[in-house]
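Novice: Here it is, the structure, as structure tokens.
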Amino acid sequence: MAIIFKNFKLKLASLGPIILLYFLSFSELDTQFSNVFEILSFNLQLIIIYYWMLRDQTILGNGHVFFAGIINDVVMGLPLGISPLTYLTVSFVALYVRNVTVNISLMTDWFTFLIALFFSNLLFLILINNFTDLPLSYSDIFYNSFFTMIFYPGFWLIFNLYKSIMFRGANV
Amino acid sequence: MSSSRDDFSIAIRSALLQKGTRQKFSIFFLICLSILIFFLDSFPNKAMDISRSIINDLIYRISSVATSPMRFVDYSSKRVIYHFEIYDENKVLKEELKKLRSKELRVEYLQAQNKNFKEIIGSEFAYSSNNILGKVLLDKESPYLKSVIINKGSQSGIKKGMPVKDRDFLVGRIVETNFLSSRVLLLNDLNSRIPVTIGKSGVQAILTGKGKSKPELEYLPEAYLPENDLIVFTSGIDGIFKEGVAIGTTVIDENIASVKLYSDPNQLNIINVELKD
């Protein structure tokens, strides 16, 4: 009975980040707080993808990242394929970093997240500017990326805590 | 040197092509798929338009259902706040009533005035048959786009470009129609450009969305700076919007003329799409 409960708990815990990712893509739960502070907005989806791809690849599949991106494009009114490409860029950087690093620390994660964010935004801007008529506010994108970067350590700690509580004894 | 280059290429190849225990697709495959979808969607073709319309309808409905608990919580909290406001307001009204009772003639006058106001308010909701009411399904705010999704689409006769009003005030226009849903581009979106007339002077300008709450007035006559609180109407020059639809009032801040909209774009619930004849 205890084993069944433990397996159920682990299964549920491993679904948490996927559910959160899909929920953020589907829902109106904005990570934009312009009513509190005009320029405050950040992209929680990128943080989730980067953290879980880097830390535990078994939790978040590439297919889920792709579908979450497609949903995000539909809900946000962007041309289909833009968000999946930016999300997969972040995934790719995370997997590369995972392949070449041994020691894990907040500082290395944070620094490499900056690189992932840079490539992801670069791709986003290239696609929007060259293939669509959508006008963009560069300052809004900069603020969004800036706050995403700033908030990464906070979510790093929260996700670490989540991992340590939910996956305690998983390898025993 | 060559060893470190080999390590780099192995790490890149591994990240692109590796499929872990729960990975059914490699990143390389999904990136190729995303690029294919992006190009199919960027260059208009009928098959993709139909597919996109079906995907949009499906995701909007799921999104609407998925967010309903949050909207319920939001609605409940607003109702509770409203209740307390009513409670406080009730106290004030009771005080006022005491004063009013001592002025019976004044009360009679106010009652007559109140009756007239109620008649006016009642008449505001008498929409003509050329309008269709729509409910806002999604109003996800983005740093880039200011738009809402409504629950009426081409099935109800909605077409691209149709003006959308909240009560009698213009809020935007239809930019995307699906069978059961449509996207409304709000006046404060970066893409929004509306020809307008300012106040009684009849000065023409273009109301341009800036992604903020107040759109700005552009292409004003040289050396003309409007005063505060002038009413801004649609001019109807573009042939899309009827002339004389109220939009908001002018606000001058640091020599920039912007417009405070009568209808708050963040508070839309039921909107009114004006079907063309």
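Where a number appears in this text, it was derived from the coordinates with a stated rule and is not lab data. The structure presented is a predicted model; accordingly, all values stated were derived computationally and were not measured. With ideal geometry, Cβ positions are generated from the backbone for all residues, glycine too; neighbour counts draw on all protein chains shown.
Novice: Note the angle between two axes, namely the Cα long axis of helix A:106-131 and the longest principal axis of the Cα atoms of chain A, as a number of degrees from 0 to 90, rounded to the nearest 10.
Specialist: 40 degrees
Novice: With θ taken as phi - 60° and the coefficients 6.51, -1.76 and 1.60, list the Karplus ³J(HN,Hα) couplings across segment B:66-79 in order, rounded to whole Hz; mark glycine and proline as x.
Specialist: Along segment B:66-79, the couplings run 4, 9, 4, x, 5, 5, 5, 4, 4, 4, 5, 5, 5, 5 Hz.
Novice: Roughly how many Å is it from the Cα centre of segment B:221-277 to that of segment A:4-19, as a whole number?
Specialist: Taking the Cα centre of each part, segment B:221-277 and segment A:4-19 sit 52 Å apart.
Novice: Same structure again: Among A:W52, A:W156, A:W110, which comes first, then next, by fewest other beta-carbon atoms within 10 Å?
Specialist: With the fewest neighbours first, A:W52, A:W156, A:W110 line up as A:W110, A:W156, A:W52.
Novice: Quick one: Karplus J couplings for segment B:83-90, per residue in order, coefficients 6.51, -1.76, 1.60, θ = phi - 60°, nearest Hz, x for Gly and Pro?
Specialist: For segment B:83-90, the Karplus curve yields 4, 5, 5, 5, 4, 5, 4, 4 Hz.
Novice: With unit charges on the beta carbons (Lys and Arg positive, Asp and Glu negative) and the dipole taken about the Cα centre of the protein assembly as shown, which residue among B:G236, B:I174, B:Y224 sits farthest to the positive side?
Specialist: B:I174
Novice: Would you mind ranking A:M166, A:M53, B:M162 so that the residue whose beta carbon has the fewest other beta carbons within 10 Å leads the list?
Specialist: With the sparsest Cβ surroundings first, the list reads A:M166, B:M162, A:M53.
Novice: Stretch B:I54-B:K115 to full length: gain in nm at 0.36 nm per residue minus the Cα-Cα span?
Specialist: 17.1 nm
Novice: For the protein assembly as shown, with only Lys/Arg (+1) and Asp/Glu (-1) charged at the beta-carbon, what is the dipole magnitude about the Cα centre, in debye rounded to 20?
Specialist: Numbers: 45 positive and 41 negative charges, 350 e Å.
For the protein assembly as shown, the charge dipole is close to 1680 debye.
Novice: By a straight-distance test (C-alpha under 23 Å), which lysines pair with A:K163 as possible cross-link partners, with residues fewer than eight away in the same chain excluded?
Specialist: A:K6, A:K9, A:K11, B:K19
Novice: Now for a separate question. Between 0 and 90 degrees, rounded to the nearest ten: what's the tilt of helix A:62-76 against the longest Cα principal axis of chain A?
Specialist: Orientation of helix A:62-76: about 40 degrees from the principal axis.
Novice: Which of the lysines could be linked to B:K152 by a straight reach, that is with a Cα gap under 16 Å, when you skip same-chain ones fewer than 8 residues away?
Specialist: Here the lysines satisfying the reach criterion relative to B:K152 are B:K135, B:K160, B:K165, B:K276.
Novice: So if R0 is 25 Å, what FRET efficiency would B:D229 and B:N266 give, r being the distance between their Cβ atoms, rounded to the nearest 0.05?
Specialist: For B:D229 and B:N266, the calculated efficiency is 0.70.
Novice: Between helix A:138-166 and chain A, what is the angle of the helix's C-alpha long axis to the longest principal axis, kept within 0 to 90° and rounded to the nearest 10?
Specialist: Its long axis makes an angle of about 0 degrees.
Novice: Sticking with this one: Taking the number of other C-beta atoms within 10 Å as the exposure measure, put A:Y87, B:Y87 in order starting with the fewest.
Specialist: The most exposed by this proxy come first: B:Y87, A:Y87.
Novice: Do any trypsin sites (Lys or Arg not before Pro) in segment A:85-172 lie in a loop, going by DSSP, with at most 15 other beta-carbon atoms within 10 Å of their beta carbon, and if so which?
Specialist: Filter output for segment A:85-172: A:R168.
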